[in-house]
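Engineer: The structure's right below; bear with me while I get my questions together.
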Amino acid sequence: MAANNRRMSGKKGAQVGSGGKRRRGLEGKGPTPPAEMRKGHAKQRAAQAKARRAQVRPQRRTGGKSSSELVVGRNPVVEALRGGVPASTLYVQQFIDNDERVREALQLAAERGGINLMEAPRPELDRMTNGLNHQGLVLQVPPYEYAHPEDLTDAAYDEGEDPLIVALDGVTDPRNLGAVVRSVSAFGGHGVVVPERRAAGMTAGAWKTSAGTAARTPVARATNLTRALEAYKKAGITVVGLAADGDVELGELDALEGPVVVVVGSEGKGLSRLVGETCDLRVRIPMPGGAESLNAGVAAGIVLYEAARRRA
(Lines give C-alpha, C1' and ligand atoms only; values in the text may rest on other atoms or scores of the structure.)
Protein backbone atom coordinates (compact mmCIF):
# COMPACT_ATOMS: atom_id res chain seq x y z
CA MET A 1 0.00 0.00 0.00
CA ALA A 2 2.80 2.31 0.90
CA ALA A 3 4.38 1.75 -2.50
CA ASN A 4 1.15 2.59 -4.23
CA ASN A 5 0.79 5.78 -2.20
CA ARG A 6 4.22 6.90 -3.28
CA ARG A 7 3.35 6.39 -6.96
CA MET A 8 0.07 8.27 -6.60
CA SER A 9 1.57 11.23 -4.73
CA GLY A 10 2.08 14.58 -6.47
CA LYS A 11 5.72 14.81 -5.49
CA LYS A 12 7.99 15.12 -8.56
CA GLY A 13 10.77 12.61 -8.99
CA ALA A 14 13.83 12.66 -11.27
CA GLN A 15 13.19 14.03 -14.81
CA VAL A 16 14.84 12.93 -18.08
CA GLY A 17 17.10 15.77 -19.38
CA SER A 18 16.96 17.42 -22.86
CA GLY A 19 20.59 16.63 -23.60
CA GLY A 20 21.33 20.29 -24.34
CA LYS A 21 18.93 20.46 -27.28
CA ARG A 22 17.04 23.44 -25.90
CA ARG A 23 20.26 25.35 -25.25
CA ARG A 24 21.50 24.75 -28.83
CA GLY A 25 18.11 25.84 -30.15
CA LEU A 26 18.39 29.11 -28.30
CA GLU A 27 21.83 29.77 -29.77
CA GLY A 28 20.35 30.10 -33.30
CA LYS A 29 21.81 29.04 -36.69
CA GLY A 30 23.98 32.04 -37.52
CA PRO A 31 23.31 34.86 -39.99
CA THR A 32 20.65 34.30 -42.63
CA PRO A 33 22.29 33.33 -45.97
CA PRO A 34 21.60 35.49 -49.01
CA ALA A 35 18.56 34.60 -51.07
CA GLU A 36 20.69 33.19 -53.92
CA MET A 37 22.03 30.53 -51.53
CA ARG A 38 18.73 29.51 -49.95
CA LYS A 39 17.47 26.21 -51.31
CA GLY A 40 14.23 26.58 -53.23
CA HIS A 41 14.28 30.38 -53.16
CA ALA A 42 13.22 32.15 -56.38
CA LYS A 43 16.48 34.07 -56.53
CA GLN A 44 18.49 30.87 -56.25
CA ARG A 45 16.56 29.34 -59.13
CA ALA A 46 17.19 32.47 -61.20
CA ALA A 47 20.92 32.37 -60.43
CA GLN A 48 21.12 28.70 -61.41
CA ALA A 49 19.32 29.37 -64.69
CA LYS A 50 21.73 32.23 -65.48
CA ALA A 51 24.70 29.94 -64.83
CA ARG A 52 23.27 27.30 -67.18
CA ARG A 53 22.79 29.89 -69.94
CA ALA A 54 26.38 31.03 -69.52
CA GLN A 55 27.60 27.47 -69.95
CA VAL A 56 25.78 26.92 -73.25
CA ARG A 57 26.48 30.40 -74.68
CA PRO A 58 28.87 30.01 -77.63
CA GLN A 59 32.30 31.50 -77.20
CA ARG A 60 33.28 34.40 -79.40
CA ARG A 61 34.64 33.14 -82.68
CA THR A 62 38.17 33.74 -83.83
CA GLY A 63 39.16 34.52 -87.37
CA GLY A 64 40.40 30.96 -87.81
CA LYS A 65 43.64 29.71 -89.28
CA SER A 66 44.97 29.49 -92.79
CA SER A 67 46.50 26.31 -94.14
CA SER A 68 50.23 25.74 -93.96
CA GLU A 69 52.28 26.88 -96.95
CA LEU A 70 55.46 25.74 -98.65
CA VAL A 71 58.09 28.12 -100.01
CA VAL A 72 59.91 26.30 -102.79
CA GLY A 73 63.31 26.97 -104.38
CA ARG A 74 66.66 28.28 -103.21
CA ASN A 75 66.15 32.00 -103.86
CA PRO A 76 62.55 32.13 -102.49
CA VAL A 77 63.58 30.23 -99.36
CA VAL A 78 66.54 32.51 -98.68
CA GLU A 79 64.44 35.64 -99.27
CA ALA A 80 61.69 34.35 -96.98
CA LEU A 81 64.18 33.68 -94.20
CA ARG A 82 65.78 37.10 -94.69
CA GLY A 83 62.35 38.74 -94.58
CA GLY A 84 61.40 37.17 -91.26
CA VAL A 85 58.65 34.97 -92.67
CA PRO A 86 57.56 32.55 -89.92
CA ALA A 87 58.79 29.03 -90.55
CA SER A 88 58.51 25.71 -88.78
CA THR A 89 60.71 23.40 -90.86
CA LEU A 90 63.44 23.73 -93.47
CA TYR A 91 63.69 20.64 -95.67
CA VAL A 92 67.05 20.05 -97.34
CA GLN A 93 67.59 17.46 -100.03
CA GLN A 94 70.07 14.69 -99.28
CA PHE A 95 73.43 15.04 -101.05
CA ILE A 96 72.53 18.55 -102.23
CA ASP A 97 75.14 20.73 -103.91
CA ASN A 98 76.20 22.99 -101.08
CA ASP A 99 76.28 26.39 -102.81
CA GLU A 100 76.13 29.87 -101.27
CA ARG A 101 72.32 30.01 -101.11
CA VAL A 102 72.07 26.65 -99.37
CA ARG A 103 74.68 27.68 -96.81
CA GLU A 104 72.89 30.99 -96.18
CA ALA A 105 69.53 29.27 -95.76
CA LEU A 106 70.99 26.87 -93.20
CA GLN A 107 72.74 29.71 -91.37
CA LEU A 108 69.62 31.91 -91.23
CA ALA A 109 67.48 29.03 -89.98
CA ALA A 110 70.04 28.17 -87.28
CA GLU A 111 70.41 31.81 -86.16
CA ARG A 112 66.69 32.36 -85.86
CA GLY A 113 66.08 29.23 -83.80
CA GLY A 114 62.84 27.31 -83.55
CA ILE A 115 63.10 26.02 -87.14
CA ASN A 116 63.49 22.27 -87.54
CA LEU A 117 66.12 21.15 -90.05
CA MET A 118 65.09 18.01 -91.91
CA GLU A 119 67.05 16.08 -94.52
CA ALA A 120 64.87 14.36 -97.09
CA PRO A 121 65.47 12.40 -100.30
CA ARG A 122 64.60 14.08 -103.58
CA PRO A 123 61.51 11.89 -104.26
CA GLU A 124 60.04 12.97 -100.93
CA LEU A 125 60.53 16.68 -101.76
CA ASP A 126 59.05 16.07 -105.22
CA ARG A 127 55.98 14.57 -103.59
CA MET A 128 55.66 17.42 -101.06
CA THR A 129 55.85 20.10 -103.76
CA ASN A 130 53.80 18.28 -106.41
CA GLY A 131 56.77 18.17 -108.73
CA LEU A 132 57.77 21.84 -108.53
CA ASN A 133 61.39 22.81 -109.10
CA HIS A 134 62.37 22.98 -105.44
CA GLN A 135 66.15 22.91 -106.10
CA GLY A 136 66.61 20.93 -102.92
CA LEU A 137 65.19 23.52 -100.49
CA VAL A 138 61.64 23.67 -99.13
CA LEU A 139 60.50 25.92 -96.27
CA GLN A 140 57.29 25.15 -94.41
CA VAL A 141 55.34 28.20 -93.23
CA PRO A 142 52.91 27.42 -90.36
CA PRO A 143 49.23 28.41 -90.57
CA TYR A 144 48.50 32.06 -89.81
CA GLU A 145 46.12 32.61 -86.90
CA TYR A 146 43.72 35.39 -87.83
CA ALA A 147 42.15 37.70 -85.28
CA HIS A 148 38.41 38.36 -85.03
CA PRO A 149 37.27 41.80 -86.29
CA GLU A 150 36.12 42.70 -82.77
CA ASP A 151 39.61 42.03 -81.42
CA LEU A 152 40.95 45.05 -83.30
CA THR A 153 38.51 47.50 -81.69
CA ASP A 154 38.95 45.89 -78.27
CA ALA A 155 42.72 46.33 -78.48
CA ALA A 156 42.36 49.99 -79.45
CA TYR A 157 39.99 50.80 -76.59
CA ASP A 158 42.20 48.90 -74.14
CA GLU A 159 44.99 51.31 -75.10
CA GLY A 160 42.68 54.30 -74.65
CA GLU A 161 42.72 55.09 -78.38
CA ASP A 162 40.08 55.47 -81.08
CA PRO A 163 40.20 52.51 -83.49
CA LEU A 164 41.96 53.08 -86.81
CA ILE A 165 41.37 50.04 -89.01
CA VAL A 166 41.77 49.27 -92.70
CA ALA A 167 39.41 46.80 -94.41
CA LEU A 168 40.27 45.38 -97.83
CA ASP A 169 37.50 44.64 -100.32
CA GLY A 170 38.46 42.44 -103.26
CA VAL A 171 42.23 42.83 -102.88
CA THR A 172 43.74 39.58 -104.11
CA ASP A 173 47.48 40.36 -104.30
CA PRO A 174 49.25 39.24 -101.09
CA ARG A 175 51.91 41.90 -101.69
CA ASN A 176 49.25 44.61 -101.45
CA LEU A 177 48.04 43.10 -98.19
CA GLY A 178 51.60 43.09 -96.85
CA ALA A 179 52.06 46.72 -97.89
CA VAL A 180 48.83 47.73 -96.11
CA VAL A 181 49.91 45.90 -92.95
CA ARG A 182 53.20 47.78 -93.09
CA SER A 183 51.42 51.16 -93.44
CA VAL A 184 48.99 50.36 -90.63
CA SER A 185 51.93 49.59 -88.37
CA ALA A 186 53.85 52.72 -89.43
CA PHE A 187 50.99 55.14 -88.78
CA GLY A 188 49.62 53.72 -85.52
CA GLY A 189 46.67 51.74 -86.87
CA HIS A 190 45.14 48.82 -85.01
CA GLY A 191 44.85 46.17 -87.71
CA VAL A 192 43.56 45.03 -91.07
CA VAL A 193 40.36 43.16 -91.94
CA VAL A 194 40.16 40.87 -94.97
CA PRO A 195 37.26 38.74 -96.26
CA GLU A 196 37.51 34.99 -95.90
CA ARG A 197 36.86 34.31 -99.60
CA ARG A 198 38.18 35.77 -102.83
CA ALA A 199 40.81 37.85 -101.06
CA ALA A 200 44.51 37.82 -100.31
CA GLY A 201 45.58 36.12 -97.10
CA MET A 202 48.68 36.16 -94.95
CA THR A 203 50.91 34.10 -97.21
CA ALA A 204 54.69 34.10 -97.24
CA GLY A 205 54.56 36.86 -99.87
CA ALA A 206 52.41 39.06 -97.63
CA TRP A 207 54.72 38.43 -94.68
CA LYS A 208 57.76 39.38 -96.73
CA THR A 209 56.20 42.61 -98.07
CA SER A 210 55.16 43.62 -94.56
CA ALA A 211 58.88 43.73 -93.65
CA GLY A 212 58.26 42.01 -90.33
CA THR A 213 55.43 44.31 -89.19
CA ALA A 214 52.90 41.47 -89.53
CA ALA A 215 54.36 40.08 -86.32
CA ARG A 216 52.88 42.99 -84.34
CA THR A 217 49.95 44.17 -86.50
CA PRO A 218 46.96 41.80 -86.38
CA VAL A 219 45.06 40.76 -89.48
CA ALA A 220 41.44 39.77 -88.89
CA ARG A 221 39.37 37.64 -91.22
CA ALA A 222 35.64 38.21 -91.67
CA THR A 223 33.27 35.55 -92.96
CA ASN A 224 31.21 38.34 -94.51
CA LEU A 225 32.85 41.76 -94.89
CA THR A 226 29.56 43.65 -95.20
CA ARG A 227 28.26 42.24 -91.92
CA ALA A 228 31.58 43.00 -90.22
CA LEU A 229 31.34 46.63 -91.36
CA GLU A 230 27.74 46.85 -90.15
CA ALA A 231 28.85 45.58 -86.75
CA TYR A 232 31.52 48.27 -86.63
CA LYS A 233 28.88 50.90 -87.43
CA LYS A 234 26.62 49.65 -84.63
CA ALA A 235 29.60 50.02 -82.29
CA GLY A 236 29.81 53.72 -83.17
CA ILE A 237 32.67 53.52 -85.67
CA THR A 238 32.51 55.51 -88.91
CA VAL A 239 33.04 53.39 -92.03
CA VAL A 240 34.73 55.30 -94.85
CA GLY A 241 35.10 53.89 -98.35
CA LEU A 242 37.73 55.11 -100.80
CA ALA A 243 36.30 55.80 -104.25
CA ALA A 244 37.47 57.87 -107.20
CA ASP A 245 34.00 59.46 -107.40
CA GLY A 246 33.65 60.01 -103.65
CA ASP A 247 31.56 62.91 -102.35
CA VAL A 248 34.13 64.06 -99.79
CA GLU A 249 37.76 64.94 -100.42
CA LEU A 250 40.30 63.39 -98.07
CA GLY A 251 41.43 66.76 -96.68
CA GLU A 252 37.85 67.49 -95.57
CA LEU A 253 37.33 64.16 -93.79
CA ASP A 254 36.91 65.00 -90.11
CA ALA A 255 35.96 61.38 -89.34
CA LEU A 256 39.66 60.47 -89.31
CA GLU A 257 39.99 62.17 -85.94
CA GLY A 258 37.66 59.62 -84.30
CA PRO A 259 37.03 55.87 -84.50
CA VAL A 260 37.12 54.94 -88.16
CA VAL A 261 37.40 52.01 -90.56
CA VAL A 262 38.88 52.82 -93.96
CA VAL A 263 37.70 50.47 -96.70
CA VAL A 264 39.98 50.05 -99.73
CA GLY A 265 38.81 48.28 -102.86
CA SER A 266 40.73 46.60 -105.64
CA GLU A 267 42.68 48.72 -108.10
CA GLY A 268 40.53 47.75 -111.06
CA LYS A 269 36.98 47.34 -109.71
CA GLY A 270 37.09 49.49 -106.58
CA LEU A 271 34.51 48.85 -103.90
CA SER A 272 31.89 46.18 -104.44
CA ARG A 273 28.28 47.36 -104.54
CA LEU A 274 27.19 46.04 -101.13
CA VAL A 275 30.31 47.26 -99.37
CA GLY A 276 30.00 50.68 -101.01
CA GLU A 277 26.38 50.97 -99.87
CA THR A 278 27.37 50.01 -96.32
CA CYS A 279 29.92 52.84 -96.00
CA ASP A 280 28.87 55.98 -94.15
CA LEU A 281 31.00 58.14 -96.46
CA ARG A 282 32.69 57.74 -99.83
CA VAL A 283 35.96 59.64 -99.95
CA ARG A 284 38.25 60.50 -102.83
CA ILE A 285 41.99 61.12 -102.81
CA PRO A 286 42.87 64.17 -104.94
CA MET A 287 45.31 63.25 -107.70
CA PRO A 288 46.48 66.35 -109.62
CA GLY A 289 48.60 64.17 -111.89
CA GLY A 290 45.50 62.62 -113.39
CA ALA A 291 46.03 58.98 -112.43
CA GLU A 292 42.81 57.00 -112.53
CA SER A 293 43.49 54.91 -109.44
CA LEU A 294 46.05 53.87 -106.86
CA ASN A 295 46.84 50.38 -105.69
CA ALA A 296 45.56 49.36 -102.28
CA GLY A 297 48.89 49.73 -100.49
CA VAL A 298 49.50 53.29 -101.72
CA ALA A 299 45.91 54.44 -101.15
CA ALA A 300 45.81 53.05 -97.61
CA GLY A 301 49.18 54.65 -96.82
CA ILE A 302 47.96 58.11 -97.88
CA VAL A 303 44.81 57.93 -95.76
CA LEU A 304 46.65 56.50 -92.75
CA TYR A 305 49.21 59.28 -92.91
CA GLU A 306 46.43 61.88 -92.91
CA ALA A 307 44.77 60.14 -89.95
CA ALA A 308 48.05 60.05 -88.00
CA ARG A 309 48.70 63.73 -88.75
CA ARG A 310 45.30 64.75 -87.42
CA ARG A 311 45.58 62.59 -84.31
CA ALA A 312 49.07 63.79 -83.40
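Engineer: Only bridges with both residues in the stretch 191-274 count here: give the DSSP antiparallel percent, nearest 5.
Structural biologist: Details: 1 of 9 bridges.
If we restrict to bridges inside the stretch 191-274, about 10 percent are antiparallel.
Engineer: So which aspartates and glutamates can Lys234 reach, going by Cα to Cα under 16 Å and dropping same-chain residues fewer than 8 places off?
Structural biologist: Within the straight-line limit of under 16 Å, Lys234 reaches these aspartates and glutamates: Glu150, Asp151, Asp154, Asp162, Glu277, Asp280.
Engineer: Given the Cα-Cα distance of Thr172 and Arg198 and 0.36 nm per residue of separation, how much length would full extension add, in nm? Don't skip to the answer; put the middle values down first.
Structural biologist: Details: separation 26, 0.36 × 26 = 9.36 nm, distance 0.69 nm.
Result for the pair: 8.7 nm of gain on full extension.
Engineer: Go through the stretch 209-312 and name the trypsin sites (Lys or Arg not before Pro) that are in a DSSP coil and have 13 or fewer other Cβ atoms within 10 Å of their Cβ.
Structural biologist: Qualifying residues, ordered by number: Arg216, Lys269.
Engineer: Under the definition of Cα pairs under 8 Å and six or more residues apart, what whole-number percent is the relative contact order of the stretch 209-312? Don't skip to the end; give the middle numbers.
Structural biologist: Details: 120 pairs, mean separation 32.7, N = 104.
Value for the stretch 209-312: 31 percent.
Engineer: In whole Å, what are the extents of the stretch 159-312 along the principal axes defined by its C-alpha atoms, from largest to smallest?
Structural biologist: 37, 37, 30
Engineer: With a 1.4 Å probe and every protein chain left in place, work out the accessible area per residue of the stretch 71-141 in Å², rounded to a whole number. Spell out each step's value before the answer.
Structural biologist: Values: 3810 Å² over 71 residues.
Accessible area per residue, the stretch 71-141: 54 Å².
Engineer: By average Cβ neighbour count within 10 Å, what is the ranking of 170-183, 86-99, 129-142 from highest down?
Structural biologist: Descending packing order for the listed peptides: 170-183, 129-142, 86-99.
Engineer: Would you please report the Å³ per residue occupied by the convex hull of the alpha carbon atoms in the stretch 190-230? Show your work: numbers first, answer last.
Structural biologist: Numbers: hull volume 2.6 nm³, N = 41.
Per-residue hull volume (Cα only) is 64 Å³.
Engineer: On full extension of the chain, what length is gained from Tyr157 through Arg112, given 0.36 nm per residue of separation minus the C-alpha to C-alpha distance?
Structural biologist: On the way: separation 45, 0.36 × 45 = 16.20 nm, distance 3.38 nm.
Taking 0.36 nm per residue and subtracting the Cα distance, the gain is 12.8 nm.
Engineer: Provide, in order from the shortest bin, the percent of all Cα-Cα pairs of the stretch 95-194 in each 5 Å bin, continuing until the bin that contains the maximum pair distance.
Structural biologist: 2, 10, 14, 14, 12, 11, 12, 11, 8, 4, 1, 0
Engineer: Where only protein heavy atoms count, and the probe is 1.4 Å, what is the accessible area per residue for the stretch 178-312 in Å²?
Structural biologist: I get 46 Å² per residue for this part.
Engineer: On the protein heavy atoms, probe 1.4 angstrom, tell me the percent of accessible surface of the stretch 203-312 carried by carbon and sulfur.
Structural biologist: Carbon with sulfur: 50 percent of the solvent-accessible area.
The values are calculated or read from the model by the stated rules, or taken from the named source; none is laboratory data. Keep in mind the model is a prediction, meaning the values are calculated, not measured. Glycine also receives a Cβ, built like all others from the backbone with ideal geometry; neighbour counts cover every protein chain displayed. Accessible surface areas use protein heavy atoms only, side chains included; no ligands, DNA or RNA. Shrake-Rupley method; radii C 1.70, N 1.55, O 1.52, S 1.80 Å.
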